[in-house]
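Step one of this worksheet: look at the structure below.
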Amino acid sequence: MMGGRLGENIGVGEETIEKACKVSMKAHSKPNYYIHDKNRVTFFAFPGSWSVNDWCSRKPFGEIKVDVSLFPSIKSIGNEEIGLVNQAFFTRFQHLLTRSSLSAEVEKAISDKKQIVFTGHSSGGPTAILATIWFFEKYTRHNYYNTPPFCLTFGSPLIGNHIFSHALRRENWARYFIHFIMKHDIVPRITLTPFTQIEQELQQVLEFLDPKSTHNLHGSSILSSFLFSVMRNALSVSSYAASYLKGNTNLLLETVASIVELSPYRPFGIFVFCTGRGKIVVLDNPDAVLQLMFFCLQFSPEEENSEFVHGMFREHLSYESELHESLNYMQDVTYLVNLVDVPLSAHSTSTYAAALNDLGLSTTARLCLRAAGELEKQKLENQKRIDSNKETIKEAITKIQEYKTSCEIRRIGYYDTFKIQKDQSDFNANIKRLELAGIWDEIVEMIKRYELPDGFEGRKEWIELGTLFRRLLEPLDIANYYRHLKNEDTGPYMVKARPKRYKFTQKWREHAEKMEVGFSSETTFWAEVEELRLKPYVQVKDKVSRLEERALTWINEGWLGKDVFLGESTFSKWWKTLPFEHRLGSCVAGFIST
């Protein structure tokens, strides 16, 4: 796809982009942040820091796990991997949040029904990014404010790992983060390098890049040395990533990764590459962006002179003029969407050809972009294949529902009927159980290997289908487990045997509906009953009371069937053996008696 004005395609008007760039530069003279109101838009612009301590607080890359109490969505739901973030940037944002009036000012903009834009240039970009995620978590995700904010950064360094990127795409937030990068700007690539290699040089480089500084490194070898350190590490990261994009599973890669320090930071959101002379290239594939961040920085040895290198660093301060030229005249914008169609030759007549040439991409670089496109395409194909199983899953679930109803008609719960296994219908239900287990286990394995689109675990239709599947099928898995006395050899079902297909689908629902972890554990009711009834009452009386309370909640919500209270159920028979005093005060006594 090519053509169309930039603002129309990314959802933010050119005037807003230019204003964001201007106020982000102005913010450098402010201690915390700068607010600018323009018509119905409120800009929150954050200053950069020119102290090396504000870039890295732990070596070599300074990453820590995200504080999930502040950013609960920044994780992989099923895999339970928490996103990593640059600690120095994150700490800086936390201090701003707790020690300034930012929260109150945002509340005011919300009450005034303003469109909110968070923005920042250089290391002000990470603060803008974190402020935007904070807004999504606090206001948008909980439906307090239905107008999503935008985040516009200019020359921002990378701040989070692949889980960070995955989570934002899953939540459908990534499209509101728009990052502008000059072709040769070194700053967005800095965090791809271990700080142990560049710490001394970085402080001098930051002083040189400070818009208020008169510090002059012209003709200095520091810039060249710094540039080559960043390029060398960007090469390591991009090469390692490209090997996986191309399907290389050689164990040598893991060996290399264990020896060479590789940055965890990865791109996310929409990236707008300014190639110079008013030309722009736009893409949102994070794997492709990572490759461009390395390949765009290339230049021949003949070009390595102090003036050229000095100019590369100066690009970091020229966003305002470059964007003014790019956005106010005849726009020359290329949108790299179908990456599998990227031409390999610089002489191609493809609509992408001119833009790729402007970026200075070699054949190797173009192959990497194609590989990123192929991976994205494969994930979509995998999703289509999984989607094609929906009807099979629904048909099998219908059969299990019919089996459950037939059991209730006979006044025996389907859990106990399946556990006894006397009739042909029990055998048929077991066949459907195994059939569904195979389908869902395949889905889980794809999720574990990140072989499905990032948004898969957030799709409402699959969350609902997974919840229905879990409620009907997990009791049968538990019945089968205790029927064969596997607990005596393996241990309790919940500790040793619960399949990931149920753990994943439970987490999907709890995350989507903003529940506490474990709140939707109604499908493990029978596993708890089986374990509690094997122990003396005096040892488990508190657990029995808690289970009864939760069971009552689940039944009232319609999450657990009343068949658990049928006279011949395992639960009812065990419950009637409990001490009279307990049964007299039990919250489920009324259900048992009726």
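May I ask for the percentage of alpha-carbon pairs in the chain that lie more than 37 Å from each other? Across the chain, Cα pairs with separations above 37 Å total 44 percent. Rolling a 1.4 Å probe over the protein heavy atoms gives the stretch 11-168 an accessible area of 36 Å² per residue.
Exposure check, 1.4 Å probe, all protein chains in place: ASP454 carries approximately 30 Å² of accessible surface. Pick out the long, greasy-scoring helices in the chain: whole DSSP H runs spanning 24 Å or more along their own axis by Cα, mean Kyte-Doolittle at least -0.5. Taking the DSSP H segments of the chain (at least 24 Å long, mean hydropathy at least -0.5), we get 221-245, 424-448, 460-483. Measure out, as a whole number of angstrom, how far apart the alpha-carbon centroids of the stretch 482-540 and the stretch 389-432 sit. Rounded to whole Å, the Cα centres lie 20 Å apart. Pull up the DSSP beta bridges for the chain and report the antiparallel fraction as a percent, rounded to 5. Of the beta bridges lying entirely in the chain, close to 45 percent run antiparallel. A simple packing score, the average count of other Cβ atoms within 10 Å per residue, orders the peptides 88-94, 57-63 as 88-94, 57-63, with the highest score first. Taking only protein heavy atoms and a 1.4 Å probe, the accessible area of the chain is 51% carbon and sulfur.
Using a simple spin-label model with pseudo-atoms 7 Å out from Cα toward Cβ, GLU464 and ASP542 lie 4.1 nm apart. Number of Lys-Lys pairs in the stretch 350-442 with C-alpha atoms under 18 Å apart and a separation of 8 or more places or on different chains: 14. Per residue, the stretch 384-496 exposes an accessible area of 49 Å² to a 1.4 Å probe, with every protein chain left in place. Name the residues of the stretch 359-394 whose amide N is less than 19 Å from a point 7 angstrom out from the Cα of TYR329 along the C-beta direction? Hits in the stretch 359-394 for TYR329 at 19 Å: 359. With R₀ fixed at 25 Å, the C-beta to C-beta distance from LYS113 to ASP54 puts the FRET efficiency at about 0.15. Applying both filters, DSSP loop and at most 15 other Cβ atoms within 10 Å, to the chymotrypsin sites (Phe, Trp or Tyr not before Pro) of the stretch 358-434 eliminates every site.
A Förster radius of 41 Å combined with the Cβ-Cβ distance from ASP423 to SER101 puts the calculated FRET efficiency at roughly 0.05. Please give every one of the lysines within straight-line cross-link reach of LYS19, meaning a C-alpha to C-alpha distance under 19 Å, and leave out same-chain neighbours fewer than 8 residues apart. Here the lysines satisfying the reach criterion relative to LYS19 are LYS30, LYS38, LYS114.
Backbone geometry of the stretch 67-74 corresponds, through the Karplus equation with coefficients 6.51, -1.76 and 1.60 at θ = phi - 60°, to 3J(HN,Hα) couplings of 6, 6, 6, 9, 10, x, 8, 7 Hz, x marking Gly and Pro.
The values are calculated or read from the model by the stated rules, or taken from the named source; none is laboratory data. Not measured: the values here are computed from a predicted model. Please note: Cβ atoms are built from the backbone with ideal geometry, for glycine as well, and neighbour counts cover all protein chains shown. Calculation scope for accessible area: heavy atoms of the full protein, side chains included, ligands and nucleic acids excluded. Shrake-Rupley method; radii C 1.70, N 1.55, O 1.52, S 1.80 Å.
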